[in-house]
Amino acid sequence: MITHADDVSETQLQTLPVVQLKNVTKQFGSLHALRGITFDLKAGRALALVGESGCGKSTCANIISRTIAQSGGDVLLNGSEVPSPLRIKDEKPFRRNVQMIFQDPFSSLNPAFTIRHHISRALKIHGHGINRADRTRRVLETLDLVGLEGETAASKYPHQLSGGQRQRVNIARALAVQPSVLLADEPTSMLDVSIRLDILKLLSRVKRERNLAMLYITHDIATAYQVAETIVIMFAGQMVEWGDSLTVLSQPRHPYTKLLLSAVPDPERRFHVENSMEYLNEATRIRAISRVYSEDVIQIGENHFVRKTEATDFS
Ligand SMILES: Nc1ncnc2c1ncn2[C@@H]1O[C@H](COP(=O)(O)OP(=O)(O)OP(=O)(O)O)[C@@H](O)[C@H]1O
Ligand SMILES: [Mg+2]
């Protein structure tokens, strides 16, 4: 089921995007992992990068976070170009400002330390909280913000928490240092289906309350709409269709977007075995068409763009 992300009033938003990617490319040897990636992350808004495994989603996040350097194009933070590698003096402020949440809530916490230690350490590294008491207050406040009971959660060790609670701790740790950019790389894909929506609601709420510029990476086109106002559909390193989430999802034009949407489980639709071979053949055809590199982008609506293929729907 698809429900809408929280509405954000235009007055809350700054006009200058917090992050800008301009024609970013990335090659790993002969592999073109990214080609011509251009999008903005704006304060108080989320952009969902959607696409199948290997299409280049994490590579985008890693380039924004300066974990890796792009091969071409520019990355800007608050209007200024961000060099890669970062200058030593810029490294700490940049890392504070641009925080990441990863897929695996288990491996990102150290089993030997309490939750208090994890968040306190982030505060200490980034110079928040002048003394211990102040840091403790901030730890409890941030745990409360992500829906954990601060006093109880702070003294626990990671193994004493559920997967969902651990991901809340990761989100708390990222937010504690008051970033302006949050990069969430498949933050719910390793969690039980039953708690995924809670985490997405949490991300949506903190995006609004903290005025965060958020990148939400997912395989799942249906969840994109719950968090993000803008959707970018990627395939084989290219943005194939992008724009306002509702428009892209309700009026998809690119054959690959249509393919992704046709795979969203629908309890009303029975799976017909006799059609499955036909479906697979069609999926293979669409993926082959979509893989072709093209610089032809068509603007369909005010905020709706699609890359031209031999099967793009311009009706
Ligand atoms: N360090 C690297 N060296 C060589 N190739 C890489 C490297 N990192 C990524 N790739 C390749 O670049 C392409 C894009 O990878 P990326 O991790 O960005 O995909 P993804 O969309 O995040 O996939 P997933 O959904 O599986 O996480 C893939 O073909 C991958 O194998
Ligand atoms: Mg990835």
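The values are calculated or read from the model by the stated rules, or taken from the named source; none is laboratory data. This is a predicted model, so every value here is computed, not measured. FYI the Cβ positions are ideal-geometry reconstructions off the backbone, even for glycines, and counts take in every protein chain you see.
Among the residues of the stretch 157-190, those that are away from ligand 1 (no atom under 16 Å from the Cβ) and not in a helix (DSSP H, G or I) comprise Tyr157, Leu161, Ser162, Val177, Gln178, Pro179, Ser180, Val181, Leu182.
Please verify whether Arg208 is surrounded by fewer than 24 Cβ atoms within 10 Å (Cβ to Cβ), within 25 Å of Gln178 (Cα to Cα) and modelled with pLDDT under 95, treating the condition exactly as stated. Talk me through it step by step, then tell me what you get.
On the way: surrounded by fewer than 24 Cβ atoms within 10 Å (Cβ to Cβ): yes; within 25 Å of Gln178 (Cα to Cα): yes; modelled with pLDDT under 95: no.
For Arg208, the condition - surrounded by fewer than 24 Cβ atoms within 10 Å (Cβ to Cβ), within 25 Å of Gln178 (Cα to Cα) and modelled with pLDDT under 95 - is not met.
When the stretch 150-189 is filtered for residues that are closer than 19 Å to His219 by Cα and surrounded by fewer than 16 Cβ atoms within 10 Å (Cβ to Cβ), only Ser189 remains.
The residues of the stretch 74-123 that are in contact (Cβ under 8 Å) with a residue 12 or more places away in the chain and of a type in the set (S, T, N, Q), listed by number, are Asn78, Ser84, Asn97, Gln99, Gln103, Ser108, Asn110, Thr114, Ser120.
With respect to the conditions (1) within 20 Å of Val206 (Cα to Cα); (2) more than 12 Å from ligand 1 (Cβ to nearest atom); (3) polar (S, T, N, Q), Asn131 lacks only one, and its number is (1).
Step by step: first the residues of the stretch 56-81, then only those that are among the aliphatic types (A, V, I, L, M) and farther than 19 Å from Leu212 by Cα, then the one that is nearest to ligand 2 (Cβ to nearest atom). Which residue is that? Break it down into steps so the answer makes sense when it comes.
At the first step, the residues of the stretch 56-81 found to be among the aliphatic types (A, V, I, L, M) are 61, 63-64, 68-69, 75-77.
Among the residues that remain, those that are also farther than 19 Å from Leu212 by Cα are: 68-69.
Numbers: Ile68: 13, Ala69: 18 Å.
Step by step, filter the stretch 56-81, then rank; the result is Ile68.
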